[in-house]
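This report refers to the structure that appears directly beneath it.
Computed from the coordinates by the stated procedures, all read-outs in this text should not be read as laboratory data. What you see is a predicted model; the values in this text were computed from it and never measured. Cβ placement follows ideal geometry from the backbone for every residue including glycine, while neighbour counts extend to all protein chains displayed.
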Amino acid sequence: MVTASAPGKAILFGEHAVVYGEPAVAVAIDARVYISVTPCEGIWKMDGYALESGRHPHVVSLRNAILGESSEPQAIQIRSELFPAAGLGSSAALSAAGCAALLSLSNQDLDEERIATLSHLAEANAQGGRASPIDTSTSTLGGCVLVSNQKESFANWRYSRTLETPEGERMWEVHSVDLPPSASDIWLVVGYTGIHASTADLVQKVADLLANSPNKMESISRMGDVARAGVAALSQGDYVEVGKLMDEAHDLLSSIGVSCSELDDMVTVARRTSFGAKLTGAGGGGCMLALTDKPEETAAALEMRGGRVIVTPLGASGVVMENSYEN
Ligand code: PMV
């Protein structure tokens, strides 16, 4: 049996604006997806059922790309510590971990750029050809990741990602961001509203808003400025400033219609014990996050409001093999 794992992610800055070319910053969180692959008789299986492209598009696409459609059958088991469909990148974590497991199974090199590329393509295939590489790159590389439409001087450039989308070729520059040692005393508290909202619907809602009110493009461009300032403050360990910028990012996201009363409520509660708080991911439900040096207090306050929480350091390790065949 081979087992690999990869982390989920939380977007600190730049969701929605990244769709319009602005930078976005995410951190890997301390909640992972584990995937185990064991040879079996008969057909490929996923958690005991037949592996099907309709139900398991990410794994089928990785299997076809790495081993080929007619490869020896395997039984796949998945265990996830992430809230599903909550904007924490569970499908990207599944893709990165699945990719590593299948590469390891076939004795291929576990090159991070290759894993990020294959996982991004699997995610794009599953999402009608559209996906930014932020989730899959963060799950693969771990730590803190910045994606932009240009190489940014304030982060470490890792690779470029291109994707043929229904709207033509798109290109992203993927960077990792070094965090200062003081970051080990700072925590993110991720709070889940329990409300499932579709990322595609929210991205469409923002597109419609911008088409009807072009002046809202100012909010998008300000989100890009906030993301750049946020990375700079984070790199310098200025968490008070990071928190202020997170608060502003939440207000900007509200101004383009992607917050909701439950998110606003949890953000307000969390701000009492944190440097700052904002929705994370597509919005409309899903999750919020707070940056804090009092994680127990912030988590307890959110739980009192009925939210489920994950407390995580800023960054976690990227994709890893948990074990592999020993010859
Ligand atoms: O899938 P989520 O909830 O992590 O959010 C995706 C972030 C968006 O910027 C809203 C969409 C995108 O493709 O980047």
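The radius of gyration of the Cα set in the chain, together with its Dmax, comes out at 19.2, 62 angstrom. Partners of K9 within straight-line reach, counting aspartates and glutamates whose Cα lies under 13 Å from its Cα and excluding those fewer than 8 residues away in the same chain: D30, E81, D135.
Ranking of M266, M217 by neighbouring Cβ atoms within 10 Å, starting from the fewest: M217, M266. Database remark: amide H of A31 closer than 5 angstrom to the amide H of G8 (H placed geometrically; neighbours at sequence offset of 5 or more, or on other chains; Pro and chain starts carry no H). Seen against the Cα atoms of the chain and their longest principal axis, helix 239-255 is set at about 90 degrees.
For the cross-link pairs K45/K278; K205/K244; K151/K294; K45/K205; K216/K244; K151/K244, the ones whose C-alpha atoms lie over 32 Å apart are K45/K278; K151/K294; K45/K205. Could you state the angle between the C-alpha long axis of helix 261-271 and the longest principal axis of the C-alpha atoms of the chain, as a value from 0 to 90 degrees rounded to the nearest 10? Roughly 70 degrees, rounded to the nearest 10.
Within segment 61-123, none of the trypsin sites (Lys or Arg not before Pro) combine a DSSP coil assignment with at most 10 other C-beta atoms in a 10 angstrom radius.
Shape class for segment 181-313, computed from the alpha carbon gyration tensor (a ≥ b ≥ c): oblate, with a/c not under 1.5 and a/b at or below b/c. Of all the options E297, E218, E167, the one that moves most in a Gaussian network model of the chain with Cα springs shorter than 10 angstrom is E167.
A Förster radius of 25 Å combined with the Cβ-Cβ distance from A200 to D225 puts the calculated FRET efficiency at roughly 0.40.
Against the empirical curve 2.2 N^0.38 Å, the C-alpha radius of gyration of segment 2-178 lands at a ratio of 1.00. A run of the chain free of exposed loop cleavage sites, with chymotrypsin sites (Phe, Trp or Tyr not before Pro) counted only in DSSP states other than H, G, I, E and B and at most 14 other beta carbons within 10 Å, reaches its longest extent at 155-324.
What the phi angles of segment 209-221 give under the Karplus curve with 6.51, -1.76 and 1.60, with θ = phi - 60°, is a coupling list of 4, 5, 5, 7, 10, x, 5, 5, 4, 4, 5, 5, 5 Hz, glycine and proline written as x. Sparse packing (at most 15 other Cβ atoms within 10 Å of the Cβ) combined with a DSSP loop state is found for the following GluC sites (Glu not before Pro) in segment 1-89: E41, E52, E69. Against the main long axis of the alpha-carbon atoms of the chain, helix 57-66 sits at an angle near 50°. Each other residue within a Cβ distance under 15 Å of G307 adds +1 if Lys or Arg and -1 if Asp or Glu, for a net charge of -1.
Among A277, A86, A300, the residue with the largest mean-square fluctuation in a Gaussian network model of the chain, with springs joining Cα atoms closer than 10 Å, is A300.
Database remark: amide H of K45 closer than 5 angstrom to the amide H of L51, Q74, A75, I76 (H placed geometrically; neighbours at sequence offset of 5 or more, or on other chains; Pro and chain starts carry no H).
Taking other Cβ atoms within 10 Å as a rough exposure proxy, D251, D185 sort from fewest to most as D185, D251.
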